[in-house]
Amino acid sequence: MNDKVNYRTCVCCRNVKYKYNMARIAIIDGKPVCDTDYKSGGRGIYVCSVNCLDKIATSKKLSRVYSFISD
């Protein structure tokens, strides 16, 4: 059994952590929404901390990440 399945990488700092210790952000109706149950449809990104969330929200990184997801 592969234990790597439950680990995700933060899109900002690239740290690898257990997925339930991170926040998942998904696109719903064209808007980024915090996915609290980790089960929303479509692709999402993981962010490990509030600092990383602030960094991607104030930079162009969030739009770049979601442009790759929507393509």
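The values are calculated or read from the model by the stated rules, or taken from the named source; none is laboratory data. Quantities reported herein were computed from a predicted structural model and do not represent experimental measurements. Methodologically, a virtual Cβ is constructed for each residue, glycine included, from the backbone with ideal geometry; neighbour enumeration extends over all protein chains shown. These area figures cover heavy atoms from the full protein model, side chains too; ligands, DNA and RNA do not enter into them. Shrake-Rupley method; radii C 1.70, N 1.55, O 1.52, S 1.80 Å.
When the chymotrypsin sites (Phe, Trp or Tyr not before Pro) in the range 1-48 are filtered for DSSP coil states and for at most 15 other beta-carbon atoms within 10 Å of their beta-carbon, the remaining sites are Tyr38.
Each residue was assigned an accessible area with a 1.4 Å probe, and for Thr9 the value is about 50 Å². Would you list, by chain and number, the lysines whose Cα falls below 23 Å from the Cα of Lys31, excluding same-chain residues fewer than 8 positions away? Result set, ordered by chain and number: Lys19, Lys39, Lys55, Lys60, Lys61.
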